[in-house]
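Everything on this sheet refers to the single structure shown next.
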Amino acid sequence: MTPQADSARVSFWTRLQAIDRRWIYLVLAAVVIVPLLFPFKIKPKATTPVQKLFNYIDTMPREKALVISIDYTPDTRAELQPMVVALLRHAFATRRPVGVLAMAVYGLGLGEEALSQVAAEFNAHATNHEDSIINGEDYVFWGWTTPPLTVMLGMGERITNVFPVDYYGARTESLPIMRDLRNYDDMGILVTVAASAMPRSWIVYAQVQFGVHLSCGITAVSAADFYPYVNSGQFTGMLAGMKGAAEYEELVTAKMNKEGLDWGLRNRGTEAMSSQTAAHLAIMAFIIIGNIGFFATRRRK
Amino acid sequence: MQRRLPLMLVLVTGIFGAVAFFVPHGAVRSVDEVFRNDVQRILAAFSLVLGVGSIVQHHLTKIQRKASFWQYSWITLTALVLTAIVGVFGGIDPNRPGILPTHIGSFSFHIQTIFSNMMVPLAATMFSLLAFFMSSAAYRAFRARNVEATLLLAAAFILMLGAVPLGRAIHAELPSFAEWILAVPNTASKRGILFGVELGIFATSLKIVLGIERGWLGGGGGK
């Protein structure tokens, strides 16, 4: 190779190393937006922690409640809200009582959004009172109160003491669902959906003291922090990131189809997987190109 | 007295909180319940008043002094007052109206609408910026400079591929291998870190309860 060609190649890699970051932003925006508009078919297969949580909820006694704690804020809604929706669909499809509370004040709006969406999906196909999903009978939205320590310890004694009124202002004592949902003993499992260290507090204050079954739905970036608790059995399975949500959605869809509830509902987590796949591949390509440039320029030096 | 009283309160409540955790006697339980359900909630309510008071005072001062970007302080204060009024008096949604009308014709501004159409997109936008910064950082800084960095790079590749369904298409066992990395080497190191962190929390808590660590009293900390 001539020195000129060699020098041209070096300058190409050097220029590539110093590329304007706005090009990177543009490529990433494109790989996120295009698959959202034209998604490619992806069928996630459940990993062990997801399957474990699904199986537990699916086989727990009918009278035991699924309780979901909304411990995240709107910034992580895209990743975590599909988990809450899938969990609610699973519980309503198998006619289990549901309790929802918020540990973050922003969780109120997110909880209300998920509950009203899923209740409306089921009520749109209901033909009688038994088929319907009724607030106060099939589910209760306790709302938010603070501090978390008071909630976690107080719910072990009497939930109505911690939440005297629900989110909609009704006396919780007067709600039919609360007759059989007094404290942690009446819960099949409590799933904390969080983008913080809140699941750890649930272990310390709710599980260690009262022995409640726990699981968690968390952002992909914090999955590594909670694996020790999944391995120790303190969390019964785990939903990690959008992939975890998509896997759970697939399991719930299959279950609902089997039960004759084939309504063609949208699965937001699964829909976003093509975008996430493309974004991951793009980031990997960036790393590879960056490293090739790094080694090419280093060799010349 | 100004410093001694808070120290005494922390000593008594700190020791009682620990004792109540281990002693199941009825009297201890009922006092603990009063502390948790009543005293803590009253304190939390005060912190809300303090928080609102502090943000109002901060922005009013900024406006008075015409500090940099003082115009945005008006937006903060207006948003604070309006959402508080709508939230307290406007009900939850159109099906559960409050005493304040929250729609003008078909234009609705009840608290759930404000939350879903302003709070959610604003927060999501801020968080999604992270993806752009991360991509740029991955391109510029994620280099296989030495053995440790190469190992980190390899683990990151496997986890990124394992986190998307494409990983299974490349190799059927790739997602399982990614899960193994999280479940075994990651857990082992995390447990070590957690033990250290928990021991640190315990030691710091003990120092605060016993009045050795007094930084929380303000005035520069120390003894």
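Pop out the ³J(HN,Hα) list for the stretch A:30-42 in order, Karplus 6.51 cos²θ - 1.76 cosθ + 1.60 with θ = phi - 60°, rounded to Hz; leave Gly and Pro as x.
Those phi angles translate into 5, 6, 8, 6, 4, x, 6, 7, 10, x, 9, 6, 10 Hz.
Charges only on Cβ, +1 for Lys and Arg, -1 for Asp and Glu: so what's the dipole of the protein assembly as shown about the Cα centre, in debye to the nearest 20? Walk me through the numbers on the way to the answer.
Numbers: 46 positive and 36 negative charges, 494 e Å.
So the magnitude is around 2380 debye.
At q = 0.07, 0.12, 0.13 Å⁻¹, work out log10 I(q)/I(0) for the protein assembly as shown with the Debye formula, treating every Cα as an identical point scatterer and leaving solvent out; two decimals please.
For the protein assembly as shown at q = 0.07, 0.12, 0.13 Å⁻¹, log10 I(q)/I(0) is -0.49, -1.32, -1.46.
Before rounding to the nearest 500, sum -39500 (n - 2.57) across all DSSP H runs of length at least 4 in chain A and divide by the residue total; then give [θ] at 222 nm in deg cm²/dmol.
Values: 11 runs with 153 residues, N = 301.
Calculated mean residue ellipticity at 222 nm is -16500 deg cm²/dmol.
I want the local charge near residue B:111. Using Cβ-Cβ distances under 14 Å, sum +1 for each Lys or Arg and -1 for each Asp or Glu among the other residues.
Values: positive: B:96; negative: A:112, A:113, B:93.
That sum, taken over residues with Cβ under 14 Å, equals -2.
Once Lys and Arg get +1 and Asp and Glu get -1 on their Cβ, which of B:31, B:54, B:12 lies farthest toward the positive end of the dipole of the stretch B:1-67?
B:54
With charges set only on the Cβ (+1 for Lys and Arg, -1 for Asp and Glu), what does the dipole of the stretch A:98-218 come to about its Cα centre, in debye to the nearest 20?
That gives a dipole near 520 debye.
Please give every one of the aspartates and glutamates within straight-line cross-link reach of residue A:258, meaning a C-alpha to C-alpha distance under 20 Å, and leave out same-chain neighbours fewer than 8 residues apart.
A:58, A:121, A:130, A:131, A:247, A:249, A:250
What do you get for Rg/Rh of the stretch B:1-84 when both radii come from the Cα atoms and Rh is the Kirkwood radius?
Values: Rg = 20.2 Å, Rh = 16.3 Å.
Checking Rg against Rh, the ratio lands at 1.24.
Quick one: if you take sqrt(5λ) for each eigenvalue of the C-alpha gyration tensor of the stretch B:71-223, what semi-axes come out, biggest first, whole angstrom? Intermediate values should be presented prior to the final figure.
Working: eigenvalues 380, 205, 64 Å².
Computed over the stretch B:71-223, the values are 44, 32, 18 Å.
Quick check on my link table: of A:41/A:255; A:45/B:190; B:62/B:207; A:41/A:64; A:243/B:190, which ones sit more than 31 Å apart, alpha carbon to alpha carbon? Write out the running numbers ahead of the final one.
Details: A:41/A:255 20 Å; A:45/B:190 27 Å; B:62/B:207 38 Å; A:41/A:64 36 Å; A:243/B:190 22 Å.
Correct reply: B:62/B:207; A:41/A:64.
Across the residues of B:27-33, average count of Cβ atoms on other protein chains within 10 Å? Mind dumping the intermediate values first?
On the way: counts 0, 0, 1, 0, 0, 1, 6.
Partner Cβ neighbours, averaged per residue: 1.
Work from the charge dipole of the stretch A:195-301 (Cβ charges, +1 for Lys and Arg, -1 for Asp and Glu, about the Cα centre) and give the residue of A:223, A:261, A:203 farthest towards its positive end.
The one lying farthest along the dipole's positive direction is A:223.
So which residue, out of B:114, B:92, B:170, gets the largest mean-square fluctuation from a GNM of chain B using Cα contacts under 10 Å as springs?
In the Gaussian network model the winner is B:170.
How far apart, in nm, are the 7 Å Cα→Cβ label points at residue B:70 and residue B:150?
6.0
Kindly state, to the nearest 0.05, the FRET efficiency for residue B:57 paired with residue B:9, given R0 = 22 Å and r defined as their beta-carbon distance. Please report the intermediate quantities before stating the final value.
Numbers: r = 26 Å, r/R0 = 1.20.
Taking R0 as 22 Å, the efficiency between residue B:57 and residue B:9 is 0.25.
Per-residue HN-Hα couplings for the stretch B:55-71, Karplus 6.51 cos²θ - 1.76 cosθ + 1.60 at θ = phi - 60°, whole Hz, x for Gly and Pro?
So the Karplus estimates, Gly and Pro as x, are 5, 5, 4, 4, 6, 5, 4, 4, 5, 4, 8, 6, 5, 4, 6, 4, 4 Hz.
If you take every residue apart from residue B:152 with its C-beta less than 13 Å away from the C-beta of residue B:152, what net charge results, scoring Lys and Arg +1 and Asp and Glu -1?
Working: positive: B:143, B:145; negative: B:148.
My count for the surroundings of residue B:152 gives +1.
Which whole-number percentage describes the relative contact order of chain A, with Cα contacts under 8 Å and a sequence gap of 6 or more? Please report the intermediate quantities before stating the final value.
Working: 466 pairs, mean separation 82.0, N = 301.
Relative contact order here is 27 percent.
For the stretch B:142-211, treating each Cα as an identical point scatterer without solvent, what Debye log10 I(q)/I(0) comes out at q = 0.24, 0.26 1/Å?
Calculated log10 I(q)/I(0) at the listed q: -1.01, -1.06.
Can you tell me the 0 to 90 degree angle between the C-alpha axis of helix A:3-17 and the longest principal axis of chain A, rounded to 10?
Long axis of A:3-17 versus the principal axis of chain A: about 20 degrees.
Once amide H atoms are built 1.01 Å from N in the peptide plane, which residues 5 or more positions from residue A:217, or in another chain, come under 5 Å H to H?
It is A:192, A:193, A:194, A:239, by chain and number.
Collect residues whose amide H, placed 1.01 Å from N in the peptide plane, falls under 5 Å from the amide H of residue A:235; neighbours closer than 5 in sequence don't count.
A:230
With label points built 7 Å along Cα→Cβ from the Cα atoms of residue B:169 and residue B:108, find their separation and express it in nm.
4.0
Report relative contact order for chain B in percent, whole number only (criteria: Cα-Cα under 8 Å, sequence separation at least 6). Provide the component values of the computation, followed by the final result.
Working: 108 pairs, mean separation 29.8, N = 223.
Reported as a whole number, the value is 13 percent.
In whole angstrom, how long is each semi-axis of the equivalent ellipsoid of the stretch A:212-291, when you take the square root of 5 times every eigenvalue of its Cα gyration tensor and sort them from largest down? Write down the numbers at each step before the final one.
Values: eigenvalues 150, 101, 10 Å².
So the three semi-axes of the stretch A:212-291 are 27, 23, 7 Å.
Calculate the FRET efficiency for residue B:18 and residue B:81 from the Cβ-Cβ distance with a Förster distance of 45 Å, rounded to the nearest 0.05.
0.60
Could you compute the net charge surrounding residue A:194? Neighbours are other residues with a C-beta less than 14 Å from the C-beta of residue A:194; K and R count +1, D and E count -1. Walk me through the numbers on the way to the answer.
On the way: positive: A:77, A:200; negative: A:71, A:75, A:79, A:225.
Charge balance in the 14 Å sphere: -2.
Throughout, read-outs are computed from the coordinates displayed, never taken from laboratory work. Because the structure is a prediction, the values reported are computed rather than measured. Glycine also receives a Cβ, built like all others from the backbone with ideal geometry; neighbour counts cover every protein chain displayed.
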